[in-house]
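Only one structure is covered here, and it is reproduced in the block below.
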Amino acid sequence: MKIFLIGMMGSGKSYCAKKIAKKLKLRAYDLDNLIEMTEDLTISEIFEEEGEAYFRKLEATILRWFGEKKDFVLATGGGTPCFHNNIEWMNENGITVWLNEPIDVLVERLKPEKAHRPLISELSDDNLGVFLAKKLTERAPFYSQAKHAVAYSAMKEKDFIKLLEEKA
């Protein structure tokens, strides 16, 4: 079973990947962590030093590495599905799940994390919701191509596991 979790920053992809992988006895991966290990830089540093285009190409390259792997849950970055035909590739190679959390939930989760996230680090708390709503509007055409969309925070974990097992 190959599971790709997509969604906005703060939607819980990394958290969910760990929880679901444990329940399904799979390996959990976080694409952003793999990128940081590969480059020996934080995502913020990569954006600052190399730019977004470099980051997105590296992201797509590391994502494609999962074509050779079996039985995993991968938490992708928020923008991953939007570049280099990544959403199409993930759909062809596994089960894609959009963690579609409400904007107000994302805002509350992200307020304390802004410094570690290059796209929102300079935003005031008041502007965070506006930014996220705009970003979601831009990304929704890609996210909506996922095979499944769920608000993980609003459902029981056992129901989420059942959904994945039925689709495997």
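Observations, loosely collected:
- Trypsin sites (Lys or Arg not before Pro) restricted to DSSP loop in the range 1-82 with at most 15 other C-beta within 10 Å: K25, K69, K70
- Available extension along the chain between F47 and N85 is 11.6 nm, counting 0.36 nm per residue and deducting the alpha carbon span.
- Exceedance of the 28 Å cut-off in Cα-Cα distance is limited, within the set K18/K147; K134/K158; K22/K134; K114/K147; K111/K134; K70/K114, to K134/K158; K22/K134; K114/K147; K70/K114.
- Along each principal axis, Cα extent of the range 2-163, largest first, Å: 39, 34, 27
- Only helices enter the 222 nm calculation for the chain: every DSSP H run of n ≥ 4 contributes -39,500 (n - 2.57), and dividing by all residues gives -16000 deg cm²/dmol, rounded to 500.
- Computed FRET value (nearest 0.05) for K18 with E92, which takes r as the C-beta separation and R₀ as 25 Å: 0.50
- Lys, Arg +1 and Asp, Glu -1 on Cβ, resulting dipole of the chain about Cα centre, debye, nearest 20: 1000
- Taking label points 7 Å from Cα along the Cα-to-Cβ direction, M1 and N33 give a separation of 1.9 nm.
- Under Stokes-Einstein, with the Kirkwood radius over Cα pairs as Rh, the value for the range 52-122 at 10 °C and 1.306 mPa s is 114 µm²/s.
- With neighbour counts taken as other beta-carbon atoms within 10 Å, the residues D104, D32 rank, fewest first, as D104, D32.
Values quoted throughout were computed directly from the atomic coordinates according to the rules given, and no laboratory measurement underlies them. Please read these numbers as outputs of a predicted model, since none were measured by experiment. Note that we place each Cβ from the backbone using ideal geometry, even for glycine, and neighbour counts take in every protein chain shown.
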